[in-house]
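Encoded as structure tokens, the structure appears first; notes follow it.
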Amino acid sequence: MKNDEVTHFGYEKVAASEKANRVADVFHSVAAKYDLMNDLMSGGVHRLWKRFTIESSAARSGQKILDIAGGTGDLTAKFSKIVGSSGKVILADINSSMLKVGRDKLLNGGIAGNVDFVQADAQYLPFPDNFFDCITIAFGLRNVTDKDLALQSMHRILKPGGRLLILEFSKPESDTLGKIYDEYSFRLLPIMGKAIANDADSYRYLAESIRMHPDQETLKSMVLKAGFDRCDYHNMTGGIVALHKAIKA
Amino acid sequence: MRIDPTFYALISEAFEKSLNDALQYDPGTRAKLRELDGRSLAIVIDNMNLLFGVLFQNDSIQLSIQPELNDEDLALNDVVLRGELSDLVTLISKKHSLANSGVEVRGRVGLLESVQNIAKDIEIDWEDALYDKLGPILSQPLIMFLKQSYRYVKEVSANSKQIVSEYIEHESELGLHREEFKLFSEQVDSVRSHTDRLQARLRKLQAKMEQRHS
């Protein structure tokens, strides 16, 4: 995507070159209260979505794992225990504030030694070809300006046989659930954002960005187009969230 | 019916936490688990399309449930137990032998044996666990109550078998004594073999008669 092309920032149309800065501002603003807001917004269910992602990764001792848009390090913390001292987990995030919160949280929790922190753009991942056994990106892909480019970048650095896991908000399976979810995310989320993080706009962006994100089948076709051999997905909590699992041939 | 994976994650989380919390009060088992560090086993239920994963990490256990089966996931495990739910339940609860159990085993069978031995010797210090969770004031009377209840249940269950059999034999005259039953069984067997022989002779005679008429 060229810099003068137009893309979405929530429902707003912005220049591609502008989106990254706008998204960065959102995450600088919410970083400090990110975990608390996630627990409140999802009623703690985001922990189960992440758990299922880790279980689907089939990570094993000694593996190299990249946690893109790793934020406050929920996945990295679990992966660090699984891969052990012979393995390596890299927590990457484009946003320095989120990375700092994640690094502090992990270090304070005694998780160190096999974890590295890298500030990186998912579209241009600074790692060698065929390097990682597993790559995860949880609630991060919808914020990326050029998703196709990011998926190609992930494909390049994944080892043959390695797996990519994309955990992201998606399209509810039933219309009724969709309507309830719309009411919740467009009315209640900004109020909660204002009350807890003193930032209604960022949570309005969250709701809008979810609606603009590709649905399950579209994302699957994008993953396959990026070069992955196979891609399947599981809808979770009625499709509010979907986990796409892709294998590199 | 398709079950939401969020539910599977909740189940595995709850089991894993309970199991590892309990193991905190069994240092012996934890020491044995350390020897299995990095090893994994999978239980595949074919008729439910479910994969239960067990990964041994240092002195704890990580559980997982996957609602899909694929060769890549299975190949990652050191040992795989695979079969229908009923066969797996029978194997785990009753049978000790895999032969004719309907369950297929692939990989390191030795790991399965090690896990079985560890499970057999689990000895969780429940008193210590209750003490930690409830504190001294609540835990002491509860431990006393549980110990007395356990003793009572054990005594009752040991005596009940004898009481019930004596009641059936002597009081209600519904049942037979072991020796009487043995004699009765022998007589039934003898009658059965006589009738079998008689039936065979009748068949033979019938065949002869049919031959003459033709």
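The values are calculated or read from the model by the stated rules, or taken from the named source; none is laboratory data. The model shown is predicted, which means the values in this text are computed figures rather than measured ones. With ideal geometry, Cβ positions are generated from the backbone for all residues, glycine too; neighbour counts draw on all protein chains shown. Accessible surface areas use protein heavy atoms only, side chains included; no ligands, DNA or RNA. Shrake-Rupley method; radii C 1.70, N 1.55, O 1.52, S 1.80 Å.
Compared with its chain on its own, the stretch A:18-59 contains the following residues whose accessible area drops by 50 Å² or more in the full protein assembly (probe 1.4 Å; ligands, DNA and RNA excluded): A:48, A:51, A:52, A:55.
Partner lysines whose Cα lies under 19 Å from the Cα of residue B:147, excluding those fewer than 8 positions away in the same chain, are identified as B:133.
Once the 1.4 Å probe is applied to the protein heavy atoms, chain B comes out at 73 Å² accessible per residue. Counting, for every residue in A:149-156, the Cβ atoms of other protein chains within 10 Å of its Cβ and taking the mean gives 0. The listed residues A:244, B:194, A:28 rank as B:194, A:28, A:244 when sorted by accessible area, largest first, using a 1.4 Å probe.
Excluding the sites themselves, what is the longest stretch of chain B that contains no trypsin sites (Lys or Arg not before Pro) in a DSSP loop with at most 15 other C-beta atoms within 10 Å? The segment B:109-214 is the longest one with no such site.
Partners of residue B:161 within straight-line reach, counting lysines whose Cα lies under 19 Å from its Cα and excluding those fewer than 8 residues away in the same chain: none found.
The modelled label-to-label distance between residue B:84 and residue A:85, using points 7 Å beyond Cα along the C-beta direction, is 4.8 nm.
Mind checking how much accessible area B and A bury in total, 1.4 Å probe, in Å² rounded to 100? Before the final figure, lay out each step's value.
On the way: alone 16490 and 11380 Å², together 25920 Å².
Its buried surface, counting both partners, is about 1900 Å².
Report in % the part of the accessible area of the protein assembly as shown that belongs to carbon and sulfur, leaving out ligands and nucleic acids; probe 1.4 Å. Display every interim value, and only then the final one.
Details: 14350 of 25920 Å².
So the carbon and sulfur contribution to the accessible surface is 55 percent.
Per residue, the solvent-accessible area of the stretch A:1-144 (1.4 Å probe, heavy atoms of protein chains only, all protein chains present) comes to 41 Å².
Let me know the mean shielding of B:70-81 by other chains, meaning the per-residue number of their Cβ atoms within 10 Å of its Cβ.
Values: counts 5, 0, 5, 3, 1, 2, 3, 2, 0, 0, 0, 0.
Across the residues of B:70-81, the mean count of other-chain Cβ atoms within 10 Å is 2.
Among B:71, B:87, B:189, the largest mean-square fluctuation in a Gaussian network model of chain B, built with springs joining Cα atoms closer than 10 Å, belongs to B:189.
FRET efficiency for the residue B:108 to residue B:164 pair, using the beta carbon distance and R₀ = 35 Å, is estimated at 0.15.
Taking 29 Å as the cut-off for C-alpha to C-alpha distance, list the pairs among A:88/B:120; A:78/A:245; A:13/A:220; A:50/A:225; A:50/B:120 that go past it. The answer is A:88/B:120; A:50/B:120. Each of residue B:1 and residue A:124 was given a label point 7 Å from its Cα along the Cα-to-Cβ line. The distance between the two points is 5.2 nm. Between residue B:72 and residue A:212, the FRET efficiency estimated from the beta carbon spacing at R0 = 35 angstrom works out to 0.60. For the stretch B:21-45, backbone nitrogen atoms closer than 14 Å to the point 7 Å from residue B:125 Cα along Cα-to-C-beta are found at B:22-31.
Inter-chain neighbour count for A:230-237: the average number of beta-carbon atoms from partner chains within 10 Å of each residue's beta-carbon is 3.
Mean-square fluctuations from a GNM of chain B, with a 10 angstrom spring cutoff on Cα atoms, peak among B:124, B:137, B:65 at B:137. Shape class of the stretch A:156-213 from the Cα gyration tensor (axes a ≥ b ≥ c, square roots of the eigenvalues): oblate, since a/c reaches 1.5 or more and a/b does not exceed b/c. Distance between the modelled labels on residue B:201 and residue B:152, one decimal in nanometres: 6.5 nm (7 Å Cα→Cβ projection). Cβ-Cβ distance of residue B:92 and residue A:17, R₀ of 56 Å, FRET efficiency by 1/(1 + (r/R0)^6): the value works out to about 0.40. Partners of residue A:179 within straight-line reach, counting lysines whose Cα lies under 21 Å from its Cα and excluding those fewer than 8 residues away in the same chain: A:171.
Considering only B:158, B:200, B:129, the mean-square fluctuation computed in a Gaussian network model of chain B, springs between alpha carbons under 10 angstrom, is largest for B:200. Taking 0.36 nm per residue of sequence separation and removing the Cα-Cα distance, the residue B:214/residue B:188 pair yields an extension gain of 5.5 nm.
Quick check: from the Cα gyration tensor, does the stretch A:102-215 come out rounded (a/c under 1.5), prolate or oblate?
Numbers: a/c = 2.38, a/b = 1.49, b/c = 1.60.
In terms of gyration-tensor shape, oblate.
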